[in-house]
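Report on the structure given below.
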Amino acid sequence: MNRLPESWTLLVDNPPTQDDSTGNRIPSPPTEIHWTGLLQQRQLSAASVDAGNTEFEAGHVVSSYLLLLDPGIPVLPGRRDRFRDDQNVIYQIEGTPRVRRPARGSRRPAYIAANVRRVSDMKE
């Protein structure tokens with residue numbers, strides 16, 4: 001099976017560390033896992049909210065994306081993880097990524113599907 005063409009980095013948050021002098025929790029940098037995948041836009045037109053797009057403010061419609069990942073990634077992405085593409089654009093996972101298998105033939109995983117959207121598009 002051919003590998004998917006795009007380079008992606010999975011960003012997995014680590015638990016915070018504790019500062020010895022103050023006792024405050026300090027955020028730890030995320031673990032980076034490099035992998036390959038393919039980003040697909042779910043809607044070609046942003047005009048229809050009913051067709052899967054979300055409208056978080058009047059007049060602002062955001063499209064969702066589907067990120068297909070090659071199987072075998074060391075850590076299955078979780079709901080709170082993020083992906084970074086080769087242009088340093090961050091995508092947040094929506095929901096739970098799913099391992100997809102072919103309907104017929106081999107039962108080995110074909111790819112991992114994750115619904116994502118650009119972090120800059122998310123409502124603050």
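What order, most packed first, do the peptides 110-118, 18-26 have when packing is the mean number of other Cβ atoms within 10 Å of each residue? Before the final figure, lay out the partial values.
Numbers: 110-118: 18.8, 18-26: 8.3.
Going by the mean number of other Cβ atoms within 10 Å, highest first, we get 110-118, 18-26.
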Proximal charge balance of ARG82 [Cβ under 12 Å; K/R count +1, D/E count -1]: 0
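Each value in this text was obtained by applying a stated rule to the coordinates, not by laboratory testing. Just so you know, these numbers come straight off a predicted model, no measurement behind them. So basically every Cβ, Gly included, is an ideal-geometry build from the backbone, and we count neighbours across all protein chains shown.
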